[in-house]
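First the structure, in the form of structure tokens, and then the observations on it.
No lab work stands behind these numbers, since they all come straight from the coordinates. All values derive from a computational prediction rather than experimental measurement. So basically every Cβ, Gly included, is an ideal-geometry build from the backbone, and we count neighbours across all protein chains shown.
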Amino acid sequence: MAKFSRREFLEAAPLAALAVTGGRLLNGAAPEAAAAVAPLAEFGYADVSLASDLHESQLRETHAVLMALSEDSLLKPFRQMSGMPAPGEDLGGWYRYDPDYNYRKDFDTGFAPACPFGQWVSALARAYAITGDEATRAKVIRLNRLYAQTITADFYVKNRFPAYIYDKLLLGLIDSHTYVKDPAALSILEETTNTALPHLPGHAIEHDVPWRIDKDKDDQSWNWDESYTMPENLFLAYQRGVGRRYYDLGIQYLDDKTWFDPLSRNENVFNGRHAYSYVNSLSSAMMAYLVAGSDKHLRAAQNAFVMLQEQSFATGGWGPDELLRAPGSDDLYASLTNTHHSFETPCGSYAHFKLTRYLLRVTRDARYGDSMERVMYNTVLGAKPLHENGENFYYSDYNFAAKRVYKKAHWACCAGTLPQVATDYRINAYLRAPQALYVVLYIPSTVRWTENGAALSLTQEGQYPHEDHVTFMVTSSKPTELTLHFRIPAWSEGASVSVNGTRQIGAAKPGEFAAIRREWKTGDRVELELPLKMRLETIDARHTDTVALLRGPLVLMAVKQQQDAPVPTTTREQLLAAKRTSREQWQVSSSTGIVTMLPFTSLGELPYTTYVKVS
């Protein structure tokens, strides 16, 4: 597969981004920013408006589902587990509380009671920041007040995943504080923390390692909690002014000995670890760098990202059967026939977007944006919609006999992350620094900000990733000098950038940001040409006859007449000579006839294969 090497990634990152004070966590005095180059800043949710129906429909659909859910139903497992009256309909699926739950008999019904609640509150708070809809704000505040009435130790005693649930509640409450301005959010958070902590391990516990002896010995599902993901949101709470306590807890729960320490030494310890949660924990490493100044954790995240790229599919997805794999193994290739559970899509993409956004902010390496874009267009944007009955899309399927289907279980963890993903496209698309704007994703949209007293906006238009051309229009209340940075994908040989019709010679280097500094004024126009050439990526270096066809960031997948039909066989030359028959459809000649190729977002209910055989 055409992945970037470890050397390419690490050498491309600006060395100044690694210059941190002493390379130590700051345990004594209050932590302070230590980077020689300040990280890029995120925009607010309301600063970016999207004009892409593919992205916006995901937000509309998930938001509508969350707004329609009964509050009694949402609070039911909290009330039941706390011994309180619990009126309302049981949502069922993972969300249900069953005191007699047995994962060996019925894995999915009652597996993780109330697991997405905090994520849903977070998503609603972010949606309010986007829309300003008062009904959304009111629902967040009601849910927080109703939840506050249920805070008891029993909830954590009876829960398989006390750290997982606490982590999500923490994020929901700090997002309520930040975006909804709920005046009670922080006091509710303090009560939640005080109640939860006695029932959490005192430090990060590895997945599958027993720590509650009274429960773990007969039921291994009690060993699947994820305390090692908590530091990201604990540090985030500290960063948002909640209190030094959360900084100290963030340090306490960093999974150093068995995870971050070896990764920082470039030792690959991926094999057998739960994919989503351990990739998600890399965002904790990034927050340890951003908040506590730990270059060790930055190195760990950078090294781990390269390791992840080395075992990723052409789509950017990873973790077949939710497991990270040994370096150099044949597991990725084997998964094309032995599983349909190829990539845990909403959860995995949420973790991937956060990690690449953190890394891009710190290193300003455009290729983290390439990776974010690849995952966005080839995985989560093609997720089937979340339904009010709890049907949720969970796995992308890269099997030779694939189909897009809902997970059997309702209200699984991906029902929690999909609404968050849908809000976050905005903060992924652009980043900023003093007198500088970075365009990360090419999505029809407008970003608005102020610079030195000037009100500016940048609007992008075009049919990318289906067409090569992207246009940007500037408006400014007064002429303003600043640098606009445009991501030039590493695959875009021959890319060009023009300002007001004049080509900027040498500005568009693949794998970098094209930096255009000038005095900008209303009416200025920037045009990007990003040649969308066909290319092939093999599944791995040992199976060079198994390839995916890509055009720009898009993987084009082969449609099959029946799901169990033979895998198409063609030649490299035939694949690269694919003919376009419509905006999103291509045709390729094969030994058995014409094969239709479509991106993941256009497959609908059609059977398909991501990889084909070449002779």
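The Cα center of segment 293-364 and the Cα center of segment 97-154 differ in position by 28 Å. Taking the beta-carbon count within 10 Å as an exposure proxy, list CYS413, CYS115 from fewest neighbours to most. Arranged by neighbour count, lowest to highest, CYS413, CYS115 become CYS115, CYS413. Local charge for LEU169 was computed over the other residues whose Cβ lies under 13 Å away, with Lys and Arg +1 and Asp and Glu -1, and equals -3.
If every alpha-carbon in segment 479-611 counts as one equal scatterer, what log10 I(q)/I(0) does Debye give at q = 0.15, 0.16, 0.17 1/Å? The calculated log intensity ratios at q = 0.15, 0.16, 0.17 Å⁻¹ are -0.79, -0.85, -0.90. Restricting the calculation to Cα atoms, every distinct pair contributes to the Kirkwood radius of the chain, found to be 25.0 Å.
Ignoring lysines fewer than eight residues from LYS478 along the same chain, the ones with Cα atoms less than 24 angstrom from its Cα are LYS521. Given a cut-off of 13 Å, what percent of all Cα-Cα pairs of segment 416-470 lie beyond it? Counting every Cα pair in segment 416-470, those more than 13 Å apart make up 66 percent. Spatial offset of segment 461-526 relative to segment 551-615 amounts to 33 Å, using the alpha carbon center of each. Measuring nothing but how far apart in sequence close Cα pairs (under 8 Å, 6+ apart) lie, relative to its length, the chain scores a relative contact order of 14 percent. Per-residue ellipticity at 222 nm computed for the chain from its helices equals -10500 deg cm²/dmol, with DSSP H segments shorter than 4 residues left out and the rest contributing -39,500 (n - 2.57). Straightening the chain between ASN266 and THR475 buys 70.7 nm, computed as 0.36 nm per residue apart minus the Cα-Cα spacing. Computed about the Cα centre, the dipole magnitude for the chain is approximately 1060 debye when only Lys and Arg (+1) and Asp and Glu (-1) carry charge, each at its Cβ.
With a threshold of 27 Å on the Cα-Cα distance, the over-threshold entries among LYS105/LYS354; LYS257/LYS407; LYS509/LYS613; LYS168/LYS257; LYS215/LYS354 are LYS105/LYS354; LYS257/LYS407; LYS509/LYS613; LYS215/LYS354. When each of the peptides 250-261, 160-171 is scored by how many other beta carbons lie within 10 Å of its residues on average, the order from highest to lowest is 160-171, 250-261. Simple point charges give the picture: +1 on the Cβ of Lys and Arg, -1 on the Cβ of Asp and Glu, and for segment 230-378 a dipole about the Cα centre of about 620 debye. Run the reach check for LYS579 against aspartates and glutamates, Cα to Cα strictly under 17 Å, same-chain hits fewer than 8 apart removed. What comes back? The qualifying aspartates and glutamates are GLU467, ASP468. Here segment 436-529 is assigned +1 on the Cβ of each Lys and Arg and -1 on the Cβ of each Asp and Glu. Its dipole about the Cα centre then comes out at about 300 debye.
Computed across segment 250-401, the Kirkwood hydrodynamic radius from all distinct Cα-Cα pairs reaches 15.8 Å.
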